[in-house]
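This report refers to the structure that appears directly beneath it.
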């Protein structure tokens, strides 16, 4: 029998969730969305009708709907300030939970949810869909192949100028909170290291149409002496980078660069005489699995495999809290002007 799921939060973000479930054959066979929850019942009803979920129960309260349907899963797509109540309610009701990012509105709330998931024996994971794209998986596989030796540094540039309008224009720490977590999480995955500390400078540059924090520059120390640097702006007009950032991975024997779109280049030390020895190009090799490169659908597949007894999902809350800690530590560093110890906060 398919798992019975309740979707909590039926705004624009929810469409990606429903589309991934209904349009991915193995997910459509395993998940039946039986409930839709939103403070605006008309939004929930409209979403149900758009995707043909005519039998789904519509409600304004998660607690009420969980008392009505015997749900196995809760998909949490609410705004961050409501996340703790939604996830804790679902876990206490015996449901496994997959949440939008960030996994909590504060680090203390995130810790409490990790503890609650452990106490209830339920799977609690976070949608970090951008680590489930081909480019990110290729970088990790290439590093694991050892072709450029031991990883020593990861450098990411992110420069775009999106004119969203709406809530982002008024957010505090808009780049770090709303976007940088994708790159931070991906860097942590690619490096396969844990974050230890950070020093961050945050600015709202002249000409910015955001209220606060549209630019950030951060230096992270990872375990095993790996350094991760991030340079980003959401108000950088002109030639843009990819939404996935531009990457340079430095190893003990060479480097890998990725433009965030199609262009990969891997090079190792050459043998030219003189001060600079040049370089030679090598193939960007490494095994990736097609099922891991479908973004949202891949996250859901990993989650369902865990619910079925296949071990912890890749984005389980007890691990993803490290990515959230990177964001909050970067904000604390920007506010204090000091280097922040991330490991001490976890």
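Numbers for the structure displayed
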| read-out | value |
| --- | --- |
| Hits in region 321-346 - residues which are touching a strand residue (DSSP E or B) at 6+ places or on another chain (Cβ under 8 Å) and at pLDDT below 95 | 343 |
| Residue list for region 203-240, filter: assigned to a loop (DSSP other than H, G, I, E, B), within 26 Å of residue 340 (Cβ to Cβ) and touching a strand residue (DSSP E or B) at 6+ places or on another chain (Cβ under 9 Å) | 204, 205, 208, 212, 213, 214, 226, 234, 235, 236 |
| From 157, 169, residue being surrounded by fewer than 20 Cβ atoms within 10 Å (Cβ to Cβ) and at pLDDT 95 or above | 157 |
| Residue match in region 290-308 (condition: crowded, with 17+ Cβ neighbours inside 10 Å, in a strand (DSSP E or B) and outside the structural domain of residue 17 (by TED's automatic domain parsing)) | no |
| Test for residue 228: is it farther than 14 Å from residue 183 by Cα, crowded, with 17+ Cβ neighbours inside 10 Å and either under 21 Å from the mean Cα position of the chain (by Cα) or assigned by TED's automatic domain parsing to the domain that holds residue 177 (or both) | no |
| Residues of region 67-85 satisfying the condition of being modelled with pLDDT of 95 or more and over 22 Å from residue 16 (Cα atoms) | 85 |
| Residue, surrounded by the most Cβ atoms within 10 Å (Cβ to Cβ), within region 64-105, restricted to residues that are out of contact with any helix residue (DSSP H, G or I) (no Cβ under 9 Å at 6 or more places or on another chain) and part of a helix (DSSP H, G or I) | 65 |
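The values are calculated or read from the model by the stated rules, or taken from the named source; none is laboratory data. Note that the structure is predicted; figures quoted are calculated from it, not measured. Note: ideal-geometry Cβ built from the backbone for every residue, glycine included; neighbour counts use all protein chains shown.
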